[in-house]
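Worksheet for the structure shown next.
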Amino acid sequence: MKTILLSAVAAVALCGSAYADTIKIGVIGPFSGPFAIQGKNFKAGIDAYMALNGNKVGDNDIEIIYRDVPQADPAQSKALGQELVVKEGVQYLAGFYFTPDAMAVTPLLEQANVPLVVMNAATSAIVTKSPYVVRTSFTLWQTSAPMAKVAKERGVKKVITVVSDYGPGVDSEAAFTTTFKAEGGEIVDSIRMPLSTNDFSPIMQRVKDSGADAVFAFLPSGPTTLGFVKAYNDNGLKDAGIQLLAPGDLTQESDLPALGDSALGMLTTFHYAISHDSPENKIFVEAARKAIGNPAELSFPSVGAYDGMHVIYKMIEATGGEQDAQKAVDAVKGMAWESPRGPVSIDPETRHITQNIYLREVAKAEDGSYINKEIATFEKQGDPGLAAAK
Amino acid sequence: MQTVFSVGTDALAYGMVLFVISIGLSVTMGLMRVVNLAHGAFAMIGGYIASYAAHMLGFGYAVAILLAVAGTILISIPIERFLFRRIYGAPELTQVLMTIGITFCVIGIANYVFGPTLKTIPLPDMLRGPVDLGYRSIAAHKLFAIACGVVVAGALWFLIDRTAFGVKLRASVDNAAMAGSLGVRTRIVYAVSSAVAVGLAAFGGIVGAELLPIEPYYALRYMVTFLVVVSVGGAGSIPGALLACLVLGAIDTTGRYLVPEYGEFFFYLAVITIVCLFPNGLLGRKR
């Protein structure tokens, strides 16, 4: 069975370029289930890009084929990746909200001669798994490390870290801790809490007892961030002057209306805010809001998908529609462009996106909605996580 | 010492929130003998209605709660009439399949109608922000949740143990045929207690919304927690559920304060121990 499958992969890989009028792109992401909102954002970013740039590259029509993996499920992700390559004959794979899902597909790429453009999954190591992986999102190292510098600048000396106990949480903790210690700061305690935690009062008590000036926190975006931020306020930490610092996952725009006043003044570092002030972003947000339907649901994965499409269009242009993964990936190494999030480029070494990381403060816009207001910029940040892993 | 009090207060508050959310399920499972996995779905419907009433229609918190409880009961009437009535007395597996099916339908509908974003129920100023207890500050809404728990426990105990309706309910549950032949209209008794259980679910969903925020997957996300409370306390026993919530709340909160990296280890260890020692739950009746 396995040999049949492999030879099928090889056969498709060899004759893939023969019928190149329609180029298919397979996108895997959570389009139903608890994370459906993130999949919706992928789709909004892709739709926005195609609405603004057309659905043709040269003479080739572009067709997107979506496949749904509702929760992190590497086996299913791999099966769907295989199906897309073998049965649908896709020339490009893209999407991937969760790291394990992206990791599971990387072994297929070389044999299938297919590049993979990661639109969200944020663990540093993914790009090292195959030379055909390019990433247009961010890593937690990239978004968390600048926060340590912010803390230092603001005169914070002692920090306690509180993260959800899973891959990205541990990454985020490591990034902050390493950078903050290098800056001469002190980490008084590091707490890892289970993902299923919903009452954060005891954690806040620990924070209070630790005597730290600030708490660095990471939780995945979604329902639990609400409880966390509320517990931070309700247990009197805000009034006690203990700063809450976090990467932008905690204040993603689709959660902000629910967080409301309790998040006002919170500091986060992240690669993209929907309120980013640039002509490129205005065009993007207008198109993406139209694509997603409800403007309140737009969030950061949309920009990863939008830029992912930009990279894929460039790949198709460079290969003229022929299936040649190496040529496609080589064409985008070092590529630089103006993204809705600001100036970005693909690092030729790591194939990860180099971008500005912004310090943002949750603020109220003139129309009464809540935004992540950018107040400082860390320019051209690479991924420190890859260096740290070596 | 201050820390001990402080963690104790957190434990009490968390336990009471658990109690308010789970007690409706204890009633359906223990008194009506229905393994109702759709309990969370009803709690979620209550939360959505309250959120809608408060945000879109501009009602106050108290009115929103009343509307939500009434609205959820109203929605549950056709579900009770056409679906639940078929599974009273049916094997547990049938009940589980039916109610989990209802849960998935409700999740889908909620996702379609309200979207996947988090919904909040704005608290009145009185319940907002921290209250100073002297040795620490605590969220005002947690005090409110504790009060709600006490009131609900008292009222339910009175209803089931001290009123004529309670007598009829217990009779119908123990022997429906005999109760019927003695003139108890068991259908009505079941319909009313089902409404009470659903109303409690909705009320719990609203009061607990600060801790367990309302979103479409609410119905599944917390299902295990509800079931654990009921099985540890003993299905149908109000004091049992209360005791279970306080014990589990204390263990969970203390564990999370002292060794958060162990996660839910101590919580489930306690559950396993209790279920081994008391197969019918802490205060459950022998079957």
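The values are calculated or read from the model by the stated rules, or taken from the named source; none is laboratory data. The model shown is predicted, which means the values in this text are computed figures rather than measured ones. No Cβ is skipped: glycine too gets one built from the backbone with ideal geometry, and neighbour counts run over all protein chains shown. We work out accessible area using only protein heavy atoms, side chains counted, and drop any ligands, DNA or RNA first. Shrake-Rupley method; radii C 1.70, N 1.55, O 1.52, S 1.80 Å.
Here is how the numbers come out for the structure above:
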read-out	value
Dipole magnitude (debye, nearest 20) for the range A:190-321, charges at Cβ of Lys, Arg, Asp, Glu	180 debye
Built amide H within the under 5 Å cut-off of residue A:162, gap 5+	A:191, A:216, A:217, A:218
All Cα pairs of chain A, percent lying beyond 33 Å	29 percent
Reduction of at least 30 Å² in accessible surface, 1.4 Å probe, comparing all protein chains with the chain by itself, residues of the range A:215-248	A:223, A:226, A:230, A:234, A:235
Hz values of 3J(HN,Hα) by residue in the range B:72-87 - Karplus curve (6.51, -1.76, 1.60), Gly and Pro given as x	5, 4, 4, 5, 6, 4, x, 5, 5, 5, 9, 10, 4, 4, 6, 10
Label-point separation in nm, residue B:104 to residue B:5, each point 7 Å along Cα→Cβ	5.2 nm
Using a Förster distance of 45 Å, the FRET efficiency for residue B:276-residue A:63 (Cβ separation, nearest 0.05)	0.20
Cα-based radius of gyration of the range B:1-105 once divided by 2.2 N^0.38 Å, which approximates compact folds	1.33
MRE, 222 nm, helices only [DSSP H, n ≥ 4, -39500 (n - 2.57), over the protein assembly as shown, to nearest 500]	-17000 deg cm²/dmol
Isotropically averaged projected area of the protein assembly as shown, using the convex hull of Cα atoms (one quarter of hull area), nm²	31.7 nm²
Share of pairwise Cα separations in the range B:207-252, more than 14 Å, in percent	56 percent
When the convex hull of its Cα atoms is projected in every direction, mean area for the range A:254-363 (nm²)	8.0 nm²
Distance between modelled label sites at residue A:294 and residue B:125, nm, 7 Å Cα→Cβ extension	3.1 nm
Sequence-separation-based contact order of the range B:23-219, relative, with Cα cut under 8 Å and 6+ spacing, percent	42 percent
Kyte-Doolittle at least -0.5, axis length at least 24 Å by Cα - qualifying DSSP helices, chain A	A:36-53, A:301-319
Whole-number accessible area per residue in Å² for the range B:9-106, which is evaluated in the context of all protein chains at 1.4 Å	38 Å²
Residues of chain A: accessible area per residue with a 1.4 Å probe, Å²	35 Å²
Within the range B:88-124, backbone nitrogen closer than 19 Å to the virtual label 7 Å beyond the Cα of residue B:187 toward Cβ	B:88-90
Estimated FRET transfer efficiency when R0 is 35 angstrom, pair residue B:167-residue B:113 (beta carbons, to 0.05)	0.30
Most to least accessible of B:247, A:27 (protein chains only, probe 1.4 Å)	B:247, A:27
Interface area, A with B, accessible, probe 1.4 Å, both sides summed, Å² nearest 100	2900 Å²
Extension gain (nm, one decimal) between residue A:181 and residue A:128, 0.36 nm per residue minus Cα-Cα	16.4 nm
Computed FRET value (nearest 0.05) for residue A:239 with residue B:155, which takes r as the C-beta separation and R₀ as 22 Å	0.05
Long-range HN-HN contacts of residue B:214 with modeled amide H, under 5 Å	B:119
Difference of contour (0.36 nm per residue) and Cα-Cα distance, residue A:56 to residue A:349	102.5 nm
In nm, spacing of pseudo-spin labels at residue A:71 and residue B:92 (7 Å Cα→C-beta vector)	2.2 nm
Antiparallel DSSP beta bridges within the protein assembly as shown, as percent of all bridges there, nearest 5	40 percent
Hydrodynamic radius (Kirkwood) for the range A:146-211, which is based on Cα pairs only, to one decimal in Å	12.4 Å
Solvent-free Debye scattering, log10 I(q)/I(0), computed from the Cα coordinates of the range B:50-128 at q = 0.20 Å⁻¹	-0.98
Subset of A:152/A:380; A:78/A:230; A:373/B:142 violating a 30 Å alpha-carbon distance limit	A:78/A:230; A:373/B:142
Portion, in percent, of the accessible area of the protein assembly as shown that falls on carbon or sulfur, probe 1.4 Å	61 percent
Per residue Cα convex hull volume in Å³ - calculated over the range B:23-219	129 Å³
